[in-house]
Amino acid sequence: MTSKPQQVQPIGVFDSGIGGLTVVRALMQRLPHENIVYFGDTARVPYGPKSPQVVREYAAQDTDFLMRHTVKMIVVACNTVSSVALEVVQKHSKVPVVGVILPGAKAAVEASSKKRIGVIGTVGTIASNAYVNAIRRLDSKATVVSQACPLFVPLAEEGLVDHKATELIAKEYLFPLKLQKIDTLVLGCTHYPILTSVIQHVFDGATALIDSGIATAEEVARVLDEHGVKNPSNQKANVQFFVSDIPHKFTEVGERFLGQKLGRVRKAEGFL
Ligand code: DGL
């Protein structure tokens, strides 16, 4: 079968830094033959505490970078960008755009039997109310409680998964959600799937954890089909990684987030 030029073009994925590799991992599992270009804005990370105005400005530049790589679609892996700047990405790209909020919200509503849903994310994501609004639009009767967990980002990057400090901080952040008797929790930040076991422990394993990245990979597969641009190849995909800072630390920490070797990581031109 001959493939259309657009089908072999890569999917562009961007994030504020390293965390988006958890979304790439989900994409590689769900769509192993899709070529991917990843951009992590490691020179300007974190986006979570920054104002929506600044995040929008960065998101436009990140999108322009991916568009220069003739991507067939853009996946906004960063929850903060998906919360406050999805329309900026849509405006700057001429290809379909998928963010992580709606797929995560849908998966949560489907998983929750009592419709008591918790959402955790960066300060920016939680302040935007993007998840709360998306969940309520899907189910107006759902009770949604949210909590910013900013310290989870450095803890995940430091690899402090089985560590007392992480357990204490997780209890502090998550106890109010536990008191609200949520049955489902959206991991609304790229880094949080790394801390699944610690988070699960606080809820005694009784709460369903929703990985927005996995839900997003499912949505990406659907959109590729809808546009007829799924790569029909059965060859190993070409996955390229670009970052805006010098890549040294990215490779080491990134392998933990991606769950496999990263290969070559290049410094992106046009940033700093
Ligand atoms: N990637 C960000 C997110 O998912 C977390 C890291 C940051 O604050 O930039 O919101």
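The values are calculated or read from the model by the stated rules, or taken from the named source; none is laboratory data. What you see is a predicted model; the values in this text were computed from it and never measured. Methodologically, a virtual Cβ is constructed for each residue, glycine included, from the backbone with ideal geometry; neighbour enumeration extends over all protein chains shown. Areas reflect the complete protein model, heavy atoms only, side chains present, ligands, DNA and RNA absent. Shrake-Rupley method; radii C 1.70, N 1.55, O 1.52, S 1.80 Å.
Taking the condition of being under 18 Å from GLY254 (Cβ atoms) and either open to solvent by less than 10 Å² (accessible area, probe 1.4 Å) or of a type outside the set (Gly, Ala, Ser) (or both), how many residues in region 27-52 meet it?
So the answer is 14.
What are the pairs, 6+ residues apart or on separate chains, where a residue within region 57-81 that is at positive phi has its Cβ under 6 Å from a residue that is more than 14 Å from the ligand (Cβ to nearest atom) and open to solvent by 10 Å² or more (accessible area, probe 1.4 Å)?
THR70/GLN9
Among (1) over 13 Å from the mean Cα position of the chain (by Cα); (2) open to solvent by 10 Å² or more (accessible area, probe 1.4 Å); (3) not hydrophobic (A, V, I, L, M, F, W, C), there is one condition LYS72 misses while meeting the rest; what is its number?
(2)
Only residues that are in contact (Cβ under 8 Å) with a residue 24 or more places away in the chain, in contact with a Gly (Cβ under 9 Å, 6 or more places away or on another chain) and part of a helix (DSSP H, G or I): list them for region 82-102, please.
Answer for region 82-102, where residues must be in contact (Cβ under 8 Å) with a residue 24 or more places away in the chain, in contact with a Gly (Cβ under 9 Å, 6 or more places away or on another chain) and part of a helix (DSSP H, G or I): SER82, SER83, VAL84, VAL89, ILE101.
Among the residues that make up region 130-137, is at least one of them touching a helix residue (DSSP H, G or I) at 6+ places or on another chain (Cβ under 7 Å), open to solvent by 30 Å² or more (accessible area, probe 1.4 Å) and either under 30 Å from GLN7 (Cβ atoms) or modelled with pLDDT of 95 or more (or both)?
No - not one qualifying residue is present in region 130-137.
Residue under question is VAL54, and the condition is that it be at pLDDT 95 or above and either part of a helix (DSSP H, G or I) or touching a Cys at 6+ places or on another chain (Cβ under 7 Å) (or both); does it hold?
yes
So which residues in region 1-25 are within 15 Å of the ligand (Cβ to nearest atom) and within 18 Å of ASN238 (Cβ to Cβ), if there are any at all?
Selection gives VAL13, PHE14, GLY20, LEU21, VAL23, VAL24, ARG25.
Filter region 91-130 for residues that are among the basic types (Lys, Arg) and in contact with a strand residue (DSSP E or B) (Cβ under 7 Å, 6 or more places away or on another chain) and give the result.
Scanning region 91-130 gives LYS115, ARG116.
Taking region 213-241, which residues are at pLDDT below 95 and either charged (D, E, K, R) or within 16 Å of the ligand (Cβ to nearest atom) (or both)?
LYS236 - this is the single residue of region 213-241 that is at pLDDT below 95 and either charged (D, E, K, R) or within 16 Å of the ligand (Cβ to nearest atom) (or both).
Out of curiosity, is GLU110 within 15 Å of the ligand (Cβ to nearest atom), surrounded by fewer than 19 Cβ atoms within 10 Å (Cβ to Cβ) and either more than 12 Å from the chain's Cα centre (by Cα) or assigned to a helix (DSSP H, G or I) (or both)?
no
Restricting to region 113-136, and then to whatever is touching a residue at least 24 places away in the same chain (Cβ under 8 Å) and away from the ligand (no atom under 14 Å from the Cβ), can you tell me which residue is nearest to THR190 (Cα to Cα)?
GLY118
Out of all the residues in region 38-57, which are more than 10 Å from the ligand (Cβ to nearest atom) and more than 16 Å from the chain's Cα centre (by Cα)?
ALA43, SER51, PRO52, GLN53, VAL54, ARG56, GLU57
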